[in-house]
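A quick write-up on the structure given underneath.
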Amino acid sequence: MEGGNQSKFLNELHELFYEHADPRIRDRLFMGSPFLLCFCYLCYVVIIVYVIPLIMENRKPFSFTKLWNLTDVLIFFMAGYIAVASCYVWFFRFNWICQPIDRSNSFDANLVLNTSYHFLLLKFVYTLQSAAYSLSKRKCKVATYILIHHTLFPIMIWCVINYYPGGHVRLLWYFLNLYIELPLLGNIHWIYEL
């Protein structure tokens, strides 16, 4: 890439990631640029697919009972907060015909923004939990679906948080995904005990 083209490309990235993104979320962890988030999840995939199987090949499985109990409690409270906040906005503050994108500092806009960011952090907890399942050498390994879901979904969440504050897209994703995953949370230990 020539110097002029490279400079133009970097200027376009700066414009995309900083000028068009929601300024209220820019200073939070992982939200300034997608590169750190993508790097973390690339490392996650490499560790889950290559490193952990190599390390654990001739070792006894680790026991993460206390960690699982702690993450289950953390997931329960985070998911509960997200569910209550989503229901409040969805049923009492939401325009079902056309919800406009809201970049204001109103209570409702900040509630949606914070709920979305906490949903992204909840995905990190899921990621750590799936790594712990790999280290415990359960019979049911981390499925390809889980690997893809835990890798691509947070990157999509990053895009939605930065570029679509409020609106139908944001709440619909969290609302549906959360209520699909909540029944699974109660059965996750049973599934991995198979």
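If you go through the range 72-92, how many residues are under 23 Å from residue 143 (Cβ atoms) and open to solvent by less than 100 Å² (accessible area, probe 1.4 Å)?
Just the residues of the range 72-92 that are under 23 Å from residue 143 (Cβ atoms), to begin with: 72, 74-76, 78-79.
Okay, now just the ones that are also open to solvent by less than 100 Å² (accessible area, probe 1.4 Å), so 72, 74-75, 78-79.
Final tally of qualifying residues: 5.
Tell me yes or no: at least one residue of the range 133-143 is within 30 Å of residue 57 (Cα to Cα), of a type in the set (Gly, Ala, Ser), crowded, with 19+ Cβ neighbours inside 10 Å and modelled with pLDDT under 80.
Initially, the range 133-143 is screened for residues within 30 Å of residue 57 (Cα to Cα), giving 133-143.
Within this subset, residues satisfying the condition of being of a type in the set (Gly, Ala, Ser) are 134, 136, 143.
In the following step, the residues that additionally are crowded, with 19+ Cβ neighbours inside 10 Å were identified as 134.
Retained after the next criterion (residues that are modelled with pLDDT under 80): 134.
Checking the range 133-143: at least one residue is within 30 Å of residue 57 (Cα to Cα), of a type in the set (Gly, Ala, Ser), crowded, with 19+ Cβ neighbours inside 10 Å and modelled with pLDDT under 80.
For the range 20-48, which residues satisfy the criterion of being part of a helix (DSSP H, G or I), open to solvent by less than 60 Å² (accessible area, probe 1.4 Å) and in contact (Cβ under 8 Å) with a residue 12 or more places away in the chain?
Within the range 20-48, 34, 37, 38, 41, 44, 45, 48 qualify.
Give the residue, chosen from 69, 95, 105, that is open to solvent by 50 Å² or more (accessible area, probe 1.4 Å), at pLDDT below 80 and under 30 Å from residue 22 (Cα atoms).
95
Assess whether residue 11 counts as being modelled with pLDDT of 80 or more, more than 20 Å from the chain's Cα centre (by Cα) and surrounded by fewer than 14 Cβ atoms within 10 Å (Cβ to Cβ).
For residue 11, the condition - modelled with pLDDT of 80 or more, more than 20 Å from the chain's Cα centre (by Cα) and surrounded by fewer than 14 Cβ atoms within 10 Å (Cβ to Cβ) - is not met.
The values are calculated or read from the model by the stated rules, or taken from the named source; none is laboratory data. Treat the numbers as computed from the prediction; the structure is a model and nothing was measured. Counting neighbours? That spans all protein chains shown, and the Cβs are built from the backbone with ideal geometry, glycine included. For the accessible areas, the whole protein counts, side chains as well, though only heavy atoms, and no ligand, DNA or RNA atoms are used. Shrake-Rupley method; radii C 1.70, N 1.55, O 1.52, S 1.80 Å.
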